[in-house]
1. So which of LEU146, LEU196 is within 25 Å of PRO305 (Cβ to Cβ) and either surrounded by fewer than 21 Cβ atoms within 10 Å (Cβ to Cβ) or in contact with a Phe, Trp or Tyr (Cβ under 9 Å, 6 or more places away or on another chain) (or both)?
2. What number of residues within the range 28-63 are of a type in the set (S, T, N, Q), surrounded by fewer than 11 Cβ atoms within 10 Å (Cβ to Cβ) and modelled with pLDDT under 85?
3. Kindly provide the set of residues from the range 283-339 that are under 21 Å from GLU209 (Cβ atoms), free of Cβ contacts under 8 Å to residues at least 60 places away in the same chain and among the acidic types (Asp, Glu), ordered by number.
4. Could you check the range 64-88 and list, in sequence order, the residues that are at pLDDT 75 or above and either closer than 16 Å to ASP104 by Cβ or assigned to a helix (DSSP H, G or I) (or both)?
5. Which of the residues belonging to the range 269-292 are modelled with pLDDT under 95 and either surrounded by fewer than 18 Cβ atoms within 10 Å (Cβ to Cβ) or basic (Lys, Arg) (or both)?
6. For the range 100-133, how many residues meet the condition of being surrounded by fewer than 13 Cβ atoms within 10 Å (Cβ to Cβ) and either in contact with a strand residue (DSSP E or B) (Cβ under 9 Å, 6 or more places away or on another chain) or at pLDDT below 80 (or both)?
7. For the range 293-334, enumerate the residues that are charged (D, E, K, R) and either in contact with a Pro (Cβ under 8 Å, 6 or more places away or on another chain) or surrounded by 15 or more Cβ atoms within 10 Å (Cβ to Cβ) (or both).
8. May I ask you to list the residues in the range 16-58 that are farther than 24 Å from ARG71 by Cβ, of a type in the set (Lys, Arg) and either over 46 Å from the mean Cα position of the chain (by Cα) or assigned to a helix (DSSP H, G or I) (or both)?
Amino acid sequence: MISISQPEMKTQKYPTIRDVARRAGVSVATISRFLNASAPISPETAMRVKQAMEELKFTPHPIARNLATRRTNTIGLLMPDIGRSFYTPMLREIEAMASTAGYDLLIHSTSPMNSPQSRRRALTEHNTDGLLVFIDALDSDELRHLRAIGFPVVLMNKTPPDGLDFPMVTIENQTGTSRMIEHLITVHNRKRIIFLQGPVGNEDSREREQGYRLALSNHHIPFDPNLVARGCFDTQRAFDATRQLLEKNMSFDAIFTGDDDSAVGVMDALKSAGLDVPRDVSVVGFDDSVFARLITPSLTTVQSPIEQVGREAVTQLLHLIRGEASQARTALPVKLVIRESCGCR
């Protein structure tokens, strides 16, 4: 058998932290303290370490440093859906706030299209320093696990499950809806007002329905369950729900659509039935999305401070990551944006 010798492969040897320690005449622990600024060292020792690093051309690897400090310098954001244009301003603010603080941002959708394992484990304590959790992106069991290990979590538009004290940032859903319904009643004399619910179990929708019922009660208008339908914060579902109400010959003079996406479907269904908005039916939304002023008629809606929600959530999460005190609950104010679809000019 004839063997053919291969040319010897030379591998480049990079200096390690042990090499630096030997050159500087200090322990490996001292080099680690210097690199991570985890404890003070004398100026003379620091000078020797710097000189050794320069002589050896040693560059600390960022991943190794992160492992040593157990920091990833990354914030995670879990959302049930990232496809809606409504979220864009919030995402932009979260990314800007994280970047300014020296953190990267990882975003993961927990859409039902993903596997259960992906929904649970895509962003965890192993690849982030803290999590922002929007609405129902994590179930109670996962939140309890994160609370048990003391991992920083801030909830957005969701109340913590019983027994868990996560900070939360939300908006004044009930107040905003109540004021909008009162506007329809007092300014436009609307008394038969449809309420379109969001997805089943959605906290924003539940609070908005509370505001709807409160406004009716304040004006002595009986609550009629026949005037409640489910639009699921979705254009097509809202279109279908409105068409079904029309097919039942339900008497109504206004529709609170639940959100602005649903308002588009509602107005399409009304127009296809030959009804005029707002002459025959007033239509109002919630969110003040970018298209609300562009549709015809322009949409009267409740403006949600979505950018401020993002900024405040990151602020609270950074407090937790740094071991500082955080705000238990932050409810940001909303305001009415009066346009044409309610009947105003």
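The values are calculated or read from the model by the stated rules, or taken from the named source; none is laboratory data. In this text, all values refer to a predicted model and were calculated from it rather than measured experimentally. All Cβ positions, even for glycine, are placed from backbone atoms using ideal geometry, and neighbour counts span all protein chains on display.
1. Values: LEU146 fails: within 25 Å of PRO305 (Cβ to Cβ).
That would be LEU196, the only listed residue that is within 25 Å of PRO305 (Cβ to Cβ) and either surrounded by fewer than 21 Cβ atoms within 10 Å (Cβ to Cβ) or in contact with a Phe, Trp or Tyr (Cβ under 9 Å, 6 or more places away or on another chain) (or both).
2. 1
3. Hit for the range 283-339 is ASP288, nothing else.
4. Those that are at pLDDT 75 or above and either closer than 16 Å to ASP104 by Cβ or assigned to a helix (DSSP H, G or I) (or both): ARG71, THR72, ASN73, THR74, ILE75, GLY76, LEU77, LEU78, PHE86, TYR87, THR88.
5. Within the range 269-292, VAL290, PHE291 qualify.
6. Within the range 100-133, the subset surrounded by fewer than 13 Cβ atoms within 10 Å (Cβ to Cβ) is 100, 102, 112-113, 115-117, 126-127.
Filter again for either in contact with a strand residue (DSSP E or B) (Cβ under 9 Å, 6 or more places away or on another chain) or at pLDDT below 80 (or both), leaving 112-113, 115-117, 126-127.
Final tally of qualifying residues: 7.
7. GLU307, ARG311, GLU312, ARG329
8. Within the range 16-58, ARG22, ARG23, ARG48 qualify.
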